[in-house]
1. Take the conditions farther than 30 Å from Asn160 by Cβ, modelled with pLDDT of 80 or more and under 16 Å from the mean Cα position of the chain (by Cα) and apply them to Asp84. Does it pass?
2. If we scan segment 140-155, do we find a residue that is surrounded by 13 or more Cβ atoms within 10 Å (Cβ to Cβ), at pLDDT below 95 and of a type in the set (Gly, Ala, Ser)?
3. Take the residues of segment 27-57 that are among the hydroxyl-bearing types (Ser, Thr, Tyr) and exposed (fewer than 14 other Cβ atoms within 10 Å of the Cβ): which is modelled with the highest pLDDT?
4. If you check every pair at least six apart or on different chains, which have Cβ atoms under 6 Å apart with a residue in segment 186-207 that is over 21 Å from Arg147 (Cβ atoms) first and a residue that is in a helix (DSSP H, G or I) and modelled with pLDDT under 80 second?
5. Say whether the condition of being at pLDDT below 90, loosely packed, with under 12 Cβ neighbours inside 10 Å and within 22 Å of Gly159 (Cα to Cα) is met by at least one residue in segment 94-103.
6. In segment 130-178, which residues are assigned to a loop (DSSP other than H, G, I, E, B) and either over 26 Å from Ala95 (Cβ atoms) or not assigned by TED's automatic domain parsing to the domain that holds Phe101 (or both)?
Amino acid sequence: MVIAKYIVTCPNCHQRVMPDEQGDRYEPFPFLREGVSLPTWRYIFASCEICWQTLVIRTSLEGEEKQKLIVEILWPAPERLLSDEVPEPLRQEHAEARACFNAKAYTATVVMVRRTLEGVCSDHGATKKPLYAALEEMRSSGLIEGRFFEWAQELRVLGNDAAHFTGRAVSGQDAEDALNLAEALMDYMYVFSAQFDKFRMRRSAQPPDEADA
């Protein structure tokens, strides 16, 4: 069988590389074509050609003619993607922040996180300026509260410091924390809040005896 060449992004060094394969294993299709069992998944043990990070990769051929190669890195675990419930422009802003972090541009990372915060406020109709006032507007309207409001304000302050020359470098740890907190904030605003609202509506529609059982 001809093995197609492919390129992946190494989760460790974030470089585009052609993996150095050391071994593989196939899983068969649940059907036969012309009496031959065809592989549906190819699991590959490989390493990055730049940083030598060990990789576990899964490939498959899809499409009507089985000509489209799909490649997934199973280990190390790739960066978590934001839910599709988060608006695409905000996912793009956060992806750029993540790209800055991967490039070790930590100041740019927290500036992009601050831009993402501005986008969240705008998407929820908070129009006051500056960002501090927009966050206060969201808190007053009940859109954000408690610890999440504190997180947002800390991210705002960090972003302000990064956007102006202060002579202080932004650390990698601060940049990573900013990314993680921004992800948690967007999960709260767009995923879990909506999920809770659906849960509450479903519960309120149940007969009292069923809901209290």
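The values are calculated or read from the model by the stated rules, or taken from the named source; none is laboratory data. Small disclaimer: the values here were computed from a predicted structure and weren't measured. Cβ atoms come from the backbone with ideal geometry, glycine included; neighbour counts cover every protein chain shown.
1. Yes: the conditions hold for Asp84.
2. Yes: segment 140-155 contains one or more residues that are surrounded by 13 or more Cβ atoms within 10 Å (Cβ to Cβ), at pLDDT below 95 and of a type in the set (Gly, Ala, Ser).
3. Taking the candidates together, the pick is Thr54.
4. Once the first residue is over 21 Å from Arg147 (Cβ atoms) and sits in segment 186-207, its partners that are in a helix (DSSP H, G or I) and modelled with pLDDT under 80 give Arg203/Ala211.
5. For segment 94-103, residues at pLDDT below 90, loosely packed, with under 12 Cβ neighbours inside 10 Å and within 22 Å of Gly159 (Cα to Cα): present.
6. Correct list: Ser141, Gly142, Glu145, Phe165, Thr166, Gly167, Arg168.
To keep it simple, each residue is scored yes or no on (1) within 14 Å of Glu183 (Cα to Cα); (2) free of Cβ contacts under 8 Å to residues at least 60 places away in the same chain; (3) charged (D, E, K, R).
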position	(1), (2), (3)
Glu72	no, yes, yes
Thr109	yes, no, no
Arg114	yes, yes, yes
Leu117	yes, no, no
Val120	yes, no, no
Glu145	no, yes, yes
